[in-house]
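As C-alpha coordinates, the structure follows; a few thoughts come after it.
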Amino acid sequence: MHMGYHDHRRYPDFSLISNSGNFDHALTCIIITHFHLDHVGALPYFTEVCGYGGPIYMTHPTKVLAPLMLEDYHKVMVDRMGDEEQFTSENVHSCMEKVIAVDLKQTIQVDGDLEIRAYCAGHVLGAAMFYARVGDAAIVYTGDYNMTPDRYLGAAQIDRLQLDLLITESTYATTIRDSKFAREREFLKAVHTCIASGGKVLIPTFALGRAQELCILLEDYWERMNLKVPIYFSGGMTIQANMYSKMLISWTSQKVKEAYTTRNAFDFKHVCSFDRSMIHAPGPCVLFATPGMINGGFSLEVFKQWATSENNLVTLPGYCVAGTVGHKLMSGKPTKIDLDSETKIDVRCQIHQLAFSAHTDSKGIMDLVKFLSPKNVILVHGEKPKMTTLKGKIQAELGIPCYDPANNETVSIESTHYVKADASALFVQSTLCPNFSFKNGTAKDESELGGDSITTSKLQICDVRVSEGLLVMEKNKKTNVVHQDDFFERSET
Ligand SMILES: [Zn+2]
(Lines give C-alpha, C1' and ligand atoms only; values in the text may rest on other atoms or scores of the structure.)
Protein backbone atom coordinates (compact mmCIF):
# COMPACT_ATOMS: atom_id res chain seq x y z
CA MET A 1 0.00 0.00 0.00
CA HIS A 2 1.24 3.51 -0.83
CA MET A 3 0.91 5.88 2.16
CA GLY A 4 1.07 9.04 0.07
CA TYR A 5 -2.16 8.43 -1.88
CA HIS A 6 -5.79 8.62 -0.80
CA ASP A 7 -7.44 7.25 -3.96
CA HIS A 8 -7.29 3.93 -5.84
CA ARG A 9 -3.53 4.35 -6.36
CA ARG A 10 -3.14 3.49 -2.68
CA TYR A 11 -3.55 -0.22 -3.50
CA PRO A 12 -1.65 -2.40 -5.98
CA ASP A 13 -3.22 -2.86 -9.41
CA PHE A 14 -4.53 -6.37 -8.76
CA SER A 15 -5.80 -6.74 -12.34
CA LEU A 16 -2.16 -7.35 -13.32
CA ILE A 17 -2.30 -10.61 -11.37
CA SER A 18 -5.50 -11.75 -13.04
CA ASN A 19 -7.62 -9.87 -15.51
CA SER A 20 -10.62 -12.09 -14.90
CA GLY A 21 -10.37 -11.72 -11.12
CA ASN A 22 -9.67 -15.42 -10.61
CA PHE A 23 -6.89 -14.76 -8.08
CA ASP A 24 -7.01 -18.21 -6.49
CA HIS A 25 -6.03 -19.69 -9.81
CA ALA A 26 -3.30 -17.12 -10.48
CA LEU A 27 -1.62 -17.29 -7.05
CA THR A 28 -0.41 -20.22 -4.96
CA CYS A 29 -0.23 -18.20 -1.76
CA ILE A 30 0.31 -14.75 -0.22
CA ILE A 31 3.28 -14.08 2.05
CA ILE A 32 3.29 -11.04 4.35
CA THR A 33 6.75 -10.14 5.70
CA HIS A 34 5.73 -7.80 8.56
CA PHE A 35 2.92 -5.71 10.04
CA HIS A 36 3.77 -2.30 8.53
CA LEU A 37 0.91 -0.85 6.49
CA ASP A 38 2.89 -0.51 3.27
CA HIS A 39 3.24 -4.32 3.44
CA VAL A 40 -0.09 -5.49 4.90
CA GLY A 41 -2.45 -2.52 4.31
CA ALA A 42 -4.15 -3.90 1.20
CA LEU A 43 -4.60 -7.47 2.48
CA PRO A 44 -8.20 -7.20 3.83
CA TYR A 45 -9.18 -5.41 0.63
CA PHE A 46 -7.66 -8.17 -1.50
CA THR A 47 -9.22 -11.07 0.44
CA GLU A 48 -12.59 -9.62 1.44
CA VAL A 49 -13.37 -7.23 -1.43
CA CYS A 50 -11.44 -8.71 -4.40
CA GLY A 51 -12.19 -12.24 -3.23
CA TYR A 52 -8.78 -13.92 -2.93
CA GLY A 53 -9.37 -17.15 -0.99
CA GLY A 54 -6.01 -18.98 -1.08
CA PRO A 55 -3.55 -19.44 1.78
CA ILE A 56 -1.86 -16.47 3.51
CA TYR A 57 1.35 -16.87 5.53
CA MET A 58 2.99 -14.62 8.13
CA THR A 59 4.85 -15.06 11.42
CA HIS A 60 3.00 -15.32 14.75
CA PRO A 61 3.80 -11.76 15.93
CA THR A 62 2.74 -10.33 12.56
CA LYS A 63 -0.57 -12.15 12.82
CA VAL A 64 -1.11 -10.64 16.28
CA LEU A 65 0.03 -7.10 15.43
CA ALA A 66 -1.22 -6.61 11.86
CA PRO A 67 -4.91 -6.30 12.86
CA LEU A 68 -3.95 -3.50 15.32
CA MET A 69 -2.32 -1.56 12.50
CA LEU A 70 -5.21 -2.21 10.13
CA GLU A 71 -7.82 -1.16 12.69
CA ASP A 72 -5.90 2.01 13.50
CA TYR A 73 -5.48 2.83 9.82
CA HIS A 74 -9.17 2.21 9.25
CA LYS A 75 -10.05 4.56 12.12
CA VAL A 76 -7.71 7.34 10.96
CA MET A 77 -8.67 7.24 7.30
CA VAL A 78 -12.40 6.67 7.54
CA ASP A 79 -13.45 8.24 10.86
CA ARG A 80 -11.24 11.31 10.85
CA MET A 81 -10.27 11.98 7.26
CA GLY A 82 -13.64 10.99 5.84
CA ASP A 83 -12.05 8.84 3.13
CA GLU A 84 -14.23 6.39 1.28
CA GLU A 85 -14.35 3.11 3.20
CA GLN A 86 -12.39 0.45 1.33
CA PHE A 87 -12.88 -2.31 3.88
CA THR A 88 -14.69 -2.65 7.21
CA SER A 89 -13.57 -3.69 10.69
CA GLU A 90 -15.32 -7.03 10.15
CA ASN A 91 -13.32 -7.46 6.96
CA VAL A 92 -10.08 -7.13 8.96
CA HIS A 93 -11.32 -9.76 11.38
CA SER A 94 -12.43 -12.31 8.79
CA CYS A 95 -9.27 -11.72 6.74
CA MET A 96 -7.00 -12.42 9.72
CA GLU A 97 -8.87 -15.65 10.48
CA LYS A 98 -7.59 -17.06 7.18
CA VAL A 99 -3.94 -16.40 8.04
CA ILE A 100 -1.61 -19.33 8.72
CA ALA A 101 1.04 -18.32 11.28
CA VAL A 102 4.57 -19.70 10.84
CA ASP A 103 7.71 -19.93 12.97
CA LEU A 104 11.14 -18.73 11.90
CA LYS A 105 13.12 -21.42 10.03
CA GLN A 106 10.04 -23.64 9.76
CA THR A 107 9.82 -25.17 6.27
CA ILE A 108 6.28 -25.11 4.86
CA GLN A 109 5.21 -27.19 1.88
CA VAL A 110 2.56 -24.90 0.37
CA ASP A 111 1.62 -27.33 -2.39
CA GLY A 112 3.29 -30.08 -4.42
CA ASP A 113 5.77 -27.61 -5.91
CA LEU A 114 6.27 -24.66 -3.61
CA GLU A 115 8.25 -24.70 -0.40
CA ILE A 116 8.73 -21.59 1.80
CA ARG A 117 10.76 -20.73 4.93
CA ALA A 118 10.88 -17.58 7.09
CA TYR A 119 14.09 -16.01 8.45
CA CYS A 120 14.48 -13.21 11.00
CA ALA A 121 14.67 -9.79 9.31
CA GLY A 122 15.27 -7.54 12.36
CA HIS A 123 13.33 -4.35 11.41
CA VAL A 124 10.25 -4.77 13.66
CA LEU A 125 8.85 -7.47 15.91
CA GLY A 126 8.04 -10.56 13.85
CA ALA A 127 9.49 -9.23 10.57
CA ALA A 128 10.71 -12.02 8.30
CA MET A 129 12.56 -12.57 5.06
CA PHE A 130 11.08 -15.41 3.02
CA TYR A 131 12.87 -18.14 1.09
CA ALA A 132 10.80 -19.80 -1.64
CA ARG A 133 11.76 -22.82 -3.74
CA VAL A 134 10.08 -24.53 -6.69
CA GLY A 135 12.06 -27.49 -8.00
CA ASP A 136 15.68 -26.30 -8.35
CA ALA A 137 14.75 -22.62 -8.63
CA ALA A 138 14.99 -20.58 -5.43
CA ILE A 139 14.53 -16.97 -4.36
CA VAL A 140 14.62 -14.85 -1.22
CA TYR A 141 12.35 -11.85 -0.75
CA THR A 142 13.68 -9.72 2.11
CA GLY A 143 10.75 -7.43 2.92
CA ASP A 144 12.22 -4.68 5.12
CA TYR A 145 15.26 -5.68 7.16
CA ASN A 146 17.98 -4.39 9.42
CA MET A 147 21.51 -5.75 9.51
CA THR A 148 22.35 -4.13 12.88
CA PRO A 149 20.47 -5.00 16.08
CA ASP A 150 18.50 -2.24 17.82
CA ARG A 151 17.54 -1.87 21.47
CA TYR A 152 15.10 -4.73 21.49
CA LEU A 153 15.42 -6.60 18.21
CA GLY A 154 18.17 -8.78 16.85
CA ALA A 155 19.67 -8.25 13.39
CA ALA A 156 18.56 -10.09 10.25
CA GLN A 157 19.80 -13.68 10.10
CA ILE A 158 19.73 -16.06 7.18
CA ASP A 159 21.39 -19.29 6.02
CA ARG A 160 23.81 -19.33 3.13
CA LEU A 161 21.36 -20.43 0.43
CA GLN A 162 21.75 -21.25 -3.25
CA LEU A 163 19.64 -18.62 -4.95
CA ASP A 164 18.66 -17.69 -8.47
CA LEU A 165 17.30 -14.40 -7.25
CA LEU A 166 17.40 -12.09 -4.26
CA ILE A 167 14.67 -9.43 -4.11
CA THR A 168 15.83 -6.85 -1.60
CA GLU A 169 14.41 -3.61 -0.22
CA SER A 170 16.57 -0.55 -0.94
CA THR A 171 15.06 2.26 1.15
CA TYR A 172 18.55 3.51 2.03
CA ALA A 173 20.26 2.49 -1.19
CA THR A 174 22.98 5.13 -0.95
CA THR A 175 23.14 5.99 2.77
CA ILE A 176 25.91 4.76 5.03
CA ARG A 177 25.10 5.51 8.63
CA ASP A 178 27.53 6.57 11.31
CA SER A 179 27.53 5.02 14.75
CA LYS A 180 24.20 4.48 16.37
CA PHE A 181 25.50 5.88 19.64
CA ALA A 182 26.19 9.32 18.12
CA ARG A 183 22.74 9.43 16.52
CA GLU A 184 21.02 8.52 19.79
CA ARG A 185 22.99 11.19 21.67
CA GLU A 186 21.95 13.80 19.10
CA PHE A 187 18.30 12.87 19.52
CA LEU A 188 18.48 12.99 23.33
CA LYS A 189 20.26 16.34 23.23
CA ALA A 190 17.55 17.86 20.99
CA VAL A 191 14.78 16.54 23.27
CA HIS A 192 16.53 17.70 26.44
CA THR A 193 17.24 21.20 25.10
CA CYS A 194 13.58 21.60 24.13
CA ILE A 195 12.05 20.49 27.43
CA ALA A 196 14.66 22.44 29.44
CA SER A 197 13.34 25.64 27.86
CA GLY A 198 9.73 24.61 28.57
CA GLY A 199 8.88 23.33 25.08
CA LYS A 200 6.81 20.36 23.95
CA VAL A 201 8.28 17.49 21.92
CA LEU A 202 6.11 15.70 19.38
CA ILE A 203 7.45 12.32 18.23
CA PRO A 204 5.29 11.00 15.39
CA THR A 205 5.93 7.24 15.01
CA PHE A 206 4.46 4.02 13.81
CA ALA A 207 2.74 2.67 16.93
CA LEU A 208 4.71 -0.54 16.88
CA GLY A 209 8.46 -0.82 16.61
CA ARG A 210 10.10 2.57 16.56
CA ALA A 211 7.93 3.84 19.45
CA GLN A 212 9.19 1.02 21.67
CA GLU A 213 12.82 1.56 20.72
CA LEU A 214 12.75 5.32 21.32
CA CYS A 215 10.85 4.86 24.53
CA ILE A 216 13.44 2.47 25.96
CA LEU A 217 16.05 5.09 25.04
CA LEU A 218 14.17 7.98 26.70
CA GLU A 219 13.30 6.00 29.85
CA ASP A 220 16.93 5.16 30.29
CA TYR A 221 17.93 8.83 29.86
CA TRP A 222 15.15 10.08 32.18
CA GLU A 223 16.44 7.73 34.87
CA ARG A 224 20.06 8.79 34.46
CA MET A 225 19.30 12.53 34.36
CA ASN A 226 16.58 12.28 37.00
CA LEU A 227 14.06 14.07 34.76
CA LYS A 228 10.45 14.48 35.84
CA VAL A 229 8.91 15.84 32.62
CA PRO A 230 6.03 13.56 31.55
CA ILE A 231 6.30 11.25 28.54
CA TYR A 232 2.96 10.45 26.90
CA PHE A 233 1.64 7.87 24.46
CA SER A 234 -1.37 8.94 22.41
CA GLY A 235 -4.57 6.97 22.54
CA GLY A 236 -4.86 3.37 23.67
CA MET A 237 -3.11 1.81 20.75
CA THR A 238 0.52 2.14 21.76
CA ILE A 239 -0.16 0.92 25.27
CA GLN A 240 -1.95 -2.03 23.73
CA ALA A 241 1.05 -2.52 21.47
CA ASN A 242 3.36 -2.56 24.49
CA MET A 243 1.21 -5.25 26.00
CA TYR A 244 1.83 -7.31 22.90
CA SER A 245 5.54 -6.55 23.01
CA LYS A 246 5.59 -7.96 26.52
CA MET A 247 3.69 -11.05 25.42
CA LEU A 248 5.96 -11.61 22.50
CA ILE A 249 9.15 -11.14 24.49
CA SER A 250 10.50 -14.42 23.15
CA TRP A 251 10.76 -12.85 19.70
CA THR A 252 12.90 -9.90 20.80
CA SER A 253 16.66 -9.61 21.09
CA GLN A 254 18.86 -11.63 23.39
CA LYS A 255 19.74 -8.51 25.41
CA VAL A 256 16.11 -7.78 26.27
CA LYS A 257 15.51 -11.45 27.01
CA GLU A 258 18.44 -11.56 29.42
CA ALA A 259 17.37 -8.36 31.18
CA TYR A 260 13.80 -9.65 31.38
CA THR A 261 14.54 -11.80 34.41
CA THR A 262 15.27 -8.67 36.46
CA ARG A 263 13.23 -6.00 34.67
CA ASN A 264 10.94 -5.97 31.65
CA ALA A 265 12.31 -3.35 29.24
CA PHE A 266 8.78 -2.64 28.04
CA ASP A 267 7.50 -1.66 31.50
CA PHE A 268 7.74 2.06 30.92
CA LYS A 269 7.86 3.77 34.31
CA HIS A 270 7.66 7.34 33.08
CA VAL A 271 5.02 6.88 30.40
CA CYS A 272 1.40 7.94 30.85
CA SER A 273 -1.42 8.07 28.34
CA PHE A 274 -2.46 11.30 26.70
CA ASP A 275 -5.83 12.61 25.68
CA ARG A 276 -6.95 15.38 23.42
CA SER A 277 -7.71 17.84 26.27
CA MET A 278 -4.01 17.90 27.19
CA ILE A 279 -2.88 19.42 23.86
CA HIS A 280 -3.17 22.94 25.24
CA ALA A 281 -1.99 22.16 28.79
CA PRO A 282 0.94 24.34 29.90
CA GLY A 283 4.47 23.05 30.59
CA PRO A 284 6.95 20.81 28.82
CA CYS A 285 6.23 17.22 27.80
CA VAL A 286 7.16 14.52 25.29
CA LEU A 287 4.38 12.92 23.23
CA PHE A 288 4.48 9.85 21.00
CA ALA A 289 1.66 9.98 18.44
CA THR A 290 0.66 8.03 15.32
CA PRO A 291 0.97 8.01 12.36
CA GLY A 292 4.70 8.40 11.83
CA MET A 293 4.64 10.38 8.61
CA ILE A 294 2.07 12.90 9.96
CA ASN A 295 -0.26 11.95 7.10
CA GLY A 296 -3.44 12.26 9.18
CA GLY A 297 -4.72 11.12 12.56
CA PHE A 298 -3.59 12.30 15.97
CA SER A 299 0.00 13.25 15.09
CA LEU A 300 -1.37 15.70 12.50
CA GLU A 301 -3.93 17.08 14.95
CA VAL A 302 -1.21 17.80 17.53
CA PHE A 303 1.23 19.04 14.89
CA LYS A 304 -1.27 21.71 13.79
CA GLN A 305 -1.29 23.10 17.36
CA TRP A 306 2.34 22.71 18.38
CA ALA A 307 4.12 23.57 15.13
CA THR A 308 3.29 27.25 15.51
CA SER A 309 5.63 27.81 18.49
CA GLU A 310 9.41 28.04 18.16
CA ASN A 311 9.74 26.51 21.66
CA ASN A 312 8.44 23.18 20.46
CA LEU A 313 10.23 20.34 18.71
CA VAL A 314 8.96 17.84 16.16
CA THR A 315 11.03 14.78 15.34
CA LEU A 316 10.68 13.07 11.98
CA PRO A 317 11.20 9.41 11.23
CA GLY A 318 14.15 8.59 8.99
CA TYR A 319 11.89 8.10 5.99
CA CYS A 320 8.63 9.74 4.83
CA VAL A 321 6.76 8.95 1.62
CA ALA A 322 6.18 11.79 -0.85
CA GLY A 323 2.77 13.40 -0.34
CA THR A 324 2.87 13.31 3.48
CA VAL A 325 3.39 16.29 5.83
CA GLY A 326 6.48 14.49 7.14
CA HIS A 327 7.98 14.50 3.66
CA LYS A 328 7.32 18.23 3.23
CA LEU A 329 9.08 18.93 6.52
CA MET A 330 12.04 16.75 5.57
CA SER A 331 12.82 18.58 2.39
CA GLY A 332 14.08 21.76 4.07
CA LYS A 333 12.10 23.56 6.79
CA PRO A 334 9.08 25.26 5.20
CA THR A 335 7.48 28.26 6.89
CA LYS A 336 3.97 27.34 5.80
CA ILE A 337 2.30 24.05 4.95
CA ASP A 338 -0.92 23.97 2.96
CA LEU A 339 -2.93 21.05 4.27
CA ASP A 340 -5.96 21.78 2.11
CA SER A 341 -7.59 24.87 0.68
CA GLU A 342 -8.74 26.04 4.14
CA THR A 343 -5.93 24.88 6.41
CA LYS A 344 -2.48 26.45 6.36
CA ILE A 345 0.01 25.68 9.12
CA ASP A 346 2.53 28.27 10.23
CA VAL A 347 5.62 26.14 10.93
CA ARG A 348 7.84 27.79 13.55
CA CYS A 349 8.85 24.80 15.66
CA GLN A 350 12.24 23.11 15.53
CA ILE A 351 12.55 20.01 13.42
CA HIS A 352 14.85 17.10 14.27
CA GLN A 353 15.27 14.33 11.80
CA LEU A 354 15.85 10.93 13.39
CA ALA A 355 18.82 9.44 11.62
CA PHE A 356 18.21 5.96 12.97
CA SER A 357 15.97 3.69 11.09
CA ALA A 358 14.76 0.12 11.22
CA HIS A 359 15.99 -0.31 7.65
CA THR A 360 19.39 -1.52 6.56
CA ASP A 361 21.80 1.03 5.07
CA SER A 362 23.59 0.49 1.77
CA LYS A 363 26.49 -1.29 3.46
CA GLY A 364 24.02 -3.74 4.98
CA ILE A 365 22.43 -4.41 1.58
CA MET A 366 25.87 -5.00 0.03
CA ASP A 367 26.81 -7.33 2.93
CA LEU A 368 23.63 -9.40 2.45
CA VAL A 369 24.05 -9.62 -1.33
CA LYS A 370 27.68 -10.66 -0.87
CA PHE A 371 26.80 -13.23 1.79
CA LEU A 372 24.04 -14.87 -0.27
CA SER A 373 25.80 -14.41 -3.64
CA PRO A 374 22.60 -14.99 -5.65
CA LYS A 375 22.69 -15.28 -9.43
CA ASN A 376 20.54 -12.15 -9.78
CA VAL A 377 19.38 -9.25 -7.64
CA ILE A 378 16.21 -7.17 -7.94
CA LEU A 379 15.95 -3.91 -5.99
CA VAL A 380 12.51 -2.82 -4.73
CA HIS A 381 11.09 -0.46 -2.05
CA GLY A 382 13.34 2.52 -2.85
CA GLU A 383 13.74 5.71 -4.84
CA LYS A 384 14.73 5.33 -8.47
CA PRO A 385 17.94 7.46 -8.66
CA LYS A 386 19.37 5.87 -5.50
CA MET A 387 18.42 2.39 -6.66
CA THR A 388 20.21 2.99 -9.96
CA THR A 389 23.38 3.95 -8.08
CA LEU A 390 23.20 0.83 -5.90
CA LYS A 391 22.48 -1.35 -8.93
CA GLY A 392 25.69 -0.10 -10.56
CA LYS A 393 27.63 -0.82 -7.38
CA ILE A 394 26.31 -4.39 -7.07
CA GLN A 395 27.15 -5.12 -10.70
CA ALA A 396 30.60 -3.52 -10.59
CA GLU A 397 31.79 -4.69 -7.17
CA LEU A 398 30.10 -8.09 -6.90
CA GLY A 399 29.67 -8.93 -10.58
CA ILE A 400 26.02 -9.93 -10.04
CA PRO A 401 23.36 -8.90 -12.60
CA CYS A 402 21.03 -6.43 -10.88
CA TYR A 403 17.66 -4.93 -11.86
CA ASP A 404 15.63 -1.98 -10.52
CA PRO A 405 12.31 -2.35 -12.33
CA ALA A 406 9.60 0.31 -12.09
CA ASN A 407 6.12 -0.68 -10.87
CA ASN A 408 4.31 -2.93 -13.36
CA GLU A 409 7.52 -3.67 -15.27
CA THR A 410 8.36 -7.34 -15.89
CA VAL A 411 11.84 -8.79 -15.40
CA SER A 412 12.62 -12.28 -16.71
CA ILE A 413 15.36 -14.29 -15.08
CA GLU A 414 16.66 -17.70 -16.01
CA SER A 415 16.19 -20.17 -13.20
CA THR A 416 18.33 -23.11 -12.24
CA HIS A 417 17.32 -26.53 -13.47
CA TYR A 418 19.54 -29.44 -12.47
CA VAL A 419 19.90 -32.27 -15.02
CA LYS A 420 19.87 -35.76 -13.56
CA ALA A 421 22.44 -38.02 -15.18
CA ASP A 422 23.41 -41.68 -14.96
CA ALA A 423 27.08 -42.54 -14.52
CA SER A 424 28.89 -45.37 -16.25
CA ALA A 425 30.45 -48.12 -14.16
CA LEU A 426 33.93 -47.15 -15.31
CA PHE A 427 33.39 -43.54 -14.32
CA VAL A 428 32.11 -44.52 -10.87
CA GLN A 429 35.12 -46.77 -10.45
CA SER A 430 37.46 -43.93 -11.39
CA THR A 431 36.01 -41.79 -8.61
CA LEU A 432 36.90 -44.44 -6.05
CA CYS A 433 40.63 -44.18 -6.70
CA PRO A 434 42.16 -42.23 -3.83
CA ASN A 435 44.74 -39.58 -4.52
CA PHE A 436 46.68 -39.22 -1.28
CA SER A 437 49.09 -36.47 -0.45
CA PHE A 438 51.33 -36.66 2.61
CA LYS A 439 52.44 -33.79 4.81
CA ASN A 440 54.68 -33.81 7.89
CA GLY A 441 53.46 -31.76 10.81
CA THR A 442 53.26 -31.66 14.59
CA ALA A 443 50.18 -32.03 16.69
CA LYS A 444 49.43 -31.74 20.37
CA ASP A 445 47.81 -34.66 22.16
CA GLU A 446 45.74 -33.35 25.03
CA SER A 447 45.27 -35.93 27.70
CA GLU A 448 41.61 -36.20 28.59
CA LEU A 449 42.48 -36.65 32.22
CA GLY A 450 44.09 -33.25 32.33
CA GLY A 451 47.72 -34.40 32.36
CA ASP A 452 50.57 -32.75 30.50
CA SER A 453 50.13 -32.40 26.80
CA ILE A 454 52.55 -34.30 24.62
CA THR A 455 53.77 -32.91 21.35
CA THR A 456 54.23 -35.59 18.73
CA SER A 457 55.27 -35.51 15.13
CA LYS A 458 52.39 -36.51 12.86
CA LEU A 459 51.99 -37.40 9.25
CA GLN A 460 48.96 -35.67 7.76
CA ILE A 461 47.21 -37.44 4.93
CA CYS A 462 44.96 -35.58 2.51
CA ASP A 463 42.82 -37.11 -0.17
CA VAL A 464 42.50 -34.72 -3.08
CA ARG A 465 40.26 -36.79 -5.29
CA VAL A 466 39.45 -35.40 -8.70
CA SER A 467 37.53 -37.36 -11.31
CA GLU A 468 37.10 -36.32 -14.85
CA GLY A 469 34.27 -37.53 -17.02
CA LEU A 470 32.36 -36.61 -20.12
CA LEU A 471 28.71 -35.56 -20.09
CA VAL A 472 26.91 -37.26 -22.95
CA MET A 473 23.53 -35.86 -23.98
CA GLU A 474 21.85 -37.69 -26.85
CA LYS A 475 18.41 -37.25 -28.27
CA ASN A 476 15.85 -39.67 -26.78
CA LYS A 477 18.46 -41.16 -24.49
CA LYS A 478 19.20 -40.69 -20.80
CA THR A 479 21.94 -38.17 -20.02
CA ASN A 480 25.09 -39.99 -19.00
CA VAL A 481 28.42 -39.21 -17.37
CA VAL A 482 31.07 -41.56 -18.74
CA HIS A 483 34.79 -42.17 -18.33
CA GLN A 484 36.89 -41.10 -21.29
CA ASP A 485 37.77 -44.74 -22.05
CA ASP A 486 34.02 -45.47 -22.33
CA PHE A 487 33.70 -42.62 -24.72
CA PHE A 488 36.46 -43.71 -27.08
CA GLU A 489 35.14 -47.26 -27.00
CA ARG A 490 31.76 -45.89 -28.04
CA SER A 491 33.18 -43.77 -30.82
CA GLU A 492 35.08 -46.74 -32.26
CA THR A 493 32.03 -48.94 -32.42
ZN1 LIG B 1 8.55 -1.91 7.32
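Summary of values
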{"read-out": "For Asp24: the one exception among (1) of a type in the set (D, E, K, R); (2) over 30 Å from Arg210 (Cα atoms); (3) surrounded by 17 or more Cβ atoms within 10 Å (Cβ to Cβ)", "value": "(3)"}
{"read-out": "Count of region 380-407 residues which are modelled with pLDDT under 95 and under 13 Å from Ile167 (Cβ atoms)", "value": "2"}
{"read-out": "The lone exception for Leu379 - which of (1) outside any helix (DSSP H, G or I); (2) over 21 Å from the mean Cα position of the chain (by Cα); (3) within 28 Å of Asp136 (Cα to Cα) it fails", "value": "(2)"}
{"read-out": "Yes/no for Gly143 being crowded, with 22+ Cβ neighbours inside 10 Å and at positive phi", "value": "yes"}
{"read-out": "Residue within region 96-106 that is within 16 Å of the ligand (Cβ to nearest atom), of a type in the set (S, T, N, Q), within 22 Å of Gly154 (Cβ to Cβ) and under 23 Å from the mean Cα position of the chain (by Cα) present", "value": "no"}
{"read-out": "From the options Pro67, Pro44, residue that is in contact with a helix residue (DSSP H, G or I) (Cβ under 8 Å, 6 or more places away or on another chain) and free of Cβ contacts under 8 Å to residues at least 40 places away in the same chain", "value": "Pro67"}
{"read-out": "Residues located in region 194-220, provided they are more than 29 Å from Leu68 (Cα to Cα) and either touching a Leu at 6+ places or on another chain (Cβ under 7 Å) or within 16 Å of the ligand (Cβ to nearest atom) (or both)", "value": "Cys194, Gly199"}
{"read-out": "Spans of strands (runs of 3 or more DSSP E) in region 45-129 with at least 2 residues crowded, with 19+ Cβ neighbours inside 10 Å", "value": "56-59, 99-102, 114-120"}
{"read-out": "Extreme residue, nearest to Thr388 (Cα to Cα), among residues of region 142-174 that are polar (S, T, N, Q) and more than 16 Å from the ligand (Cβ to nearest atom)", "value": "Thr174"}
{"read-out": "Selected residue [of a type in the set (A, V, I, L, M, F, W, C), out of contact with any Ser or Thr (no Cβ under 8 Å at 6 or more places or on another chain) and touching a residue at least 12 places away in the same chain (Cβ under 8 Å)] from Ala396, Ala406", "value": "Ala406"}
{"read-out": "Residue tally, condition in contact with a Leu (Cβ under 9 Å, 6 or more places away or on another chain) and either under 30 Å from Ile139 (Cα atoms) or more than 16 Å from the ligand (Cβ to nearest atom) (or both), over region 328-355", "value": "11"}
{"read-out": "Residue under evaluation Phe130, criteria (1) within 22 Å of Lys269 (Cα to Cα); (2) among the hydrophobic types (A, V, I, L, M, F, W, C); (3) within 16 Å of the ligand (Cβ to nearest atom), criterion not met", "value": "(1)"}
{"read-out": "Among the candidates Thr416, Thr410, Thr360, Thr456, residue that is touching an Asp or Glu at 6+ places or on another chain (Cβ under 7 Å), assigned to a loop (DSSP other than H, G, I, E, B) and at pLDDT below 95", "value": "Thr416"}
{"read-out": "Enumeration of residues in region 146-173 that are within 18 Å of Ile31 (Cβ to Cβ) and of a type in the set (D, E, K, R)", "value": "Asp159, Asp164, Glu169"}
{"read-out": "For Met58: the one exception among (1) within 16 Å of the ligand (Cβ to nearest atom); (2) at pLDDT below 95", "value": "(2)"}
{"read-out": "Residue among Thr33, Thr28 that is part of a loop (DSSP other than H, G, I, E, B) and within 16 Å of the ligand (Cβ to nearest atom)", "value": "Thr33"}
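Residue by residue, here is whether (1) surrounded by 14 or more Cβ atoms within 10 Å (Cβ to Cβ); (2) farther than 26 Å from Phe181 by Cα holds:
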residue: Thr324; (1), (2): yes, yes
residue: His327; (1), (2): yes, no
residue: Gly332; (1), (2): no, no
residue: Ile345; (1), (2): yes, yes
residue: Asp367; (1), (2): yes, no
residue: Ser373; (1), (2): yes, yes
residue: Thr388; (1), (2): yes, yes
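The values are calculated or read from the model by the stated rules, or taken from the named source; none is laboratory data. From a predicted model like this one, the values you see are computed outputs, not experimental measurements. Note: ideal-geometry Cβ built from the backbone for every residue, glycine included; neighbour counts use all protein chains shown.
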